[in-house]
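The structure appears below as structure tokens.
The values are calculated or read from the model by the stated rules, or taken from the named source; none is laboratory data. In this text the structure is predicted, and so the values were computed from the model without any measurement. Quick reminder, even Gly has a Cβ in these numbers, built from the backbone with ideal geometry, and neighbours come from all protein chains shown. Just so you know, the surface numbers come from the protein's heavy atoms only, side chains and all, with ligands and any DNA or RNA stripped out. Shrake-Rupley method; radii C 1.70, N 1.55, O 1.52, S 1.80 Å.
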Amino acid sequence: MTSPSMPRGDTVYRIDWTLGTDVLDGVCHCGARRRSEDPVELWEWLLAHPAGHEPPARAGGGG
Amino acid sequence: MTAFVRNQWYVAAYGREIGRELFARTILGESLVFYRTTSGRVVALADRCVHRRYPLSESRLEGDTIVCGYHGFTYDQGGTCVFVPGQARIPRTARVASYPVVEQDSFVWVWIGDHDRADPSSIPRAPWLDDPAYTSVSGMEPLAARYQLLVDNLMDLSHETYLHGGYIGTPEVANTPITTEVDEDRGIVYVSRHMADAECPLFYAKSTGIEGRITRWQDIEYHPPCLYLLHSRIAPVGVLPNADGSDPGGFHVEVVYAITPETENSTHDFWAVARDFALGDHEVSDFLAENNRTVVMQDVVALNLLEKVIATEPEGYQELSINIDTGGLAARRILKRMAEAGAAPARPSEAVPS
Ligand code: FES
Ligand SMILES: [Fe+2]
């Protein structure tokens with residue numbers, strides 16, 4: 001009941017700061033993902049959606 | 001060019017501030033006068049007599065009308081002039097602007113913008129402040145700094161470790177990574193920081209009675225431009241909510257800020273702390289009120305300093321942002337977008353003089 005409401009819209013951009021590192025992990029609502037150590041650069045990339053956003057790699061596929 | 005976000009609801013006051021006395025407050029550079037009618041409704045009008053600009057807030061309330069303190073122009077609740085001295089004809093243009101008002105969650109919200117765009121259902125909620133299941137303390141501090149500095153401050157709580165060390169800051173706050181989310185459709189920014197095993201600051205140790213280390217969650221929900229919510233959950237280390245969402249082992253504190261620009265360089269800093277424990281306990285209330293006010297004042301002093309620095313810095317000074325700024329950067333961007341949208345005319349036709 002007092003638990004925080006989290007985003008419920010369809011257009012949610014998310015940046016996780018990876019525990020124990022300096023790395024930020026950006027995830028777009030389209031599934032595209034990018035790592036960065038600069039939040040300014042990362043927001044720019046996220047909000048440029050769909051420009052430069054590759055659909056998420058299917059099952060496994062590293063890179 | 002102003003950075004104000006117009007066509008939005010803002011907290012103008014606590015309901016308890018508005019009574020049968022005329023009350024002046026400037027919001028987004030507009031001088032307003034408030035009062036409560038005999039039936040209890042809050043009225044907001046432009047605080048400037050149409051005759052010779054005398055402040056209506058320095059005038060007299062007579063029933064539900066304001067009688068200007070200079071020459072007696074008399075205005076009704078809607079701002080229409082209903083009496084002028086010495087003549088029967090009331091000039092057609094004799095009216096002061098009235099502002100849409102909604103009283104909700106202990107706040108008086110006022111709409112700054114075009115009347116026909118005011119939608120009360122778009123006002124974000126802070127229900128704890130007016131809920132018998134919570135006990136609240138609250139206040140307002142004048143800030144001699146632009147509202148953007150307060151947004152930056154509240155979106156990045158890592159500053160608690162340094163600016164509020166010994167009060168609400170402990171080392172873990174600055175050292176715990178955060179998750180930031182922007183809900184683009186709803187225009188909300190979320191920042192959450194979950195500390196699994198943290199030192200318990202005095203603020204929470206004394207109010208909850210927890211001894212030893214804690215699990216401390218900070219979940220920010222910012223509804224730009226005005227309302228900022230910090231859902232704070234405190235529990236003995238390792239005590240988590242149940243799978244069904246119930247949380248009997250947790251202490252919940254809802255910290256609410258309303259960030260209302262007064263002028264371009266000053267801000268009304270409303271703060272409130274609602275808790276779901278020690279209900280009605282005056283000692284705990286006094287302690288939390290005094291402590292939170294101390295913390296707010298630490299921010300006020302720091303932000304007033306920053307405002308002075310900004311006022312005297314050379315054009316084009318560049319800041320440096322790091323990971324802790326992820327939430328603040330998101331908030332700035334939404335505010336910028338809202339300022340642009342709020343400045344645009346409602347309909348293209350409105351731009352054409354009739
Ligand atoms: S200034 Fe108000 S009546 Fe003259
Ligand atoms: Fe602070």
For segment B:67-119 the number of residues that are touching a residue at least 60 places away in the same chain (Cβ under 8 Å), out of contact with any Pro (no Cβ under 7 Å at 6 or more places or on another chain) and small (Gly, Ala, Ser) is 2
Considering segment B:39-57, residues that are open to solvent by 40 Å² or more (accessible area, probe 1.4 Å) and touching an Asp or Glu at 6+ places or on another chain (Cβ under 9 Å), and then whichever is farthest from ligand 2 (Cβ to nearest atom), we arrive at B:39
Taking segment B:110-135 and keeping residues within 17 Å of residue B:228 (Cβ to Cβ) and open to solvent by less than 50 Å² (accessible area, probe 1.4 Å) leaves B:123, B:124, B:126, B:128, B:129
Taking segment B:66-83 and the residues there that are assigned to a loop (DSSP other than H, G, I, E, B) and open to solvent by less than 40 Å² (accessible area, probe 1.4 Å), the one that is farthest from ligand 1 (Cβ to nearest atom) would be B:78
message: When you check residue B:24 against the structure, is it open to solvent by less than 40 Å² (accessible area, probe 1.4 Å), within 30 Å of residue B:126 (Cα to Cα), more than 16 Å from ligand 2 (Cβ to nearest atom) and not polar (S, T, N, Q), yes or no?
response: no
| query | Looking at residue B:61, is it part of a strand (DSSP E or B), more than 16 Å from ligand 2 (Cβ to nearest atom), farther than 19 Å from residue B:115 by Cα and assigned by TED's automatic domain parsing to the domain that holds residue B:111? | reply | yes
All-but-one check, residue B:182 against (1) in contact with a Pro (Cβ under 9 Å, 6 or more places away or on another chain); (2) outside any strand (DSSP E or B); (3) touching a residue at least 24 places away in the same chain (Cβ under 8 Å), failing number (2)
Residue B:63 meets each of (1) at positive phi; (2) within 16 Å of ligand 1 (Cβ to nearest atom) with one exception, condition (2)
Residue pairs within 8 Å by beta carbon, gap of at least six or interchain, first lying in segment B:139-161 and under 25 Å from residue B:312 (Cβ atoms) and open to solvent by 10 Å² or more (accessible area, probe 1.4 Å), second in a loop (DSSP other than H, G, I, E, B) and among the small types (Gly, Ala, Ser), listed first then second, are B:146/B:3; B:148/B:3
Counting only residues in segment B:274-315 that are within 14 Å of chain A (Cβ to nearest Cβ) and crowded, with 17+ Cβ neighbours inside 10 Å, the one nearest to ligand 1 (Cβ to nearest atom) is identified as B:274
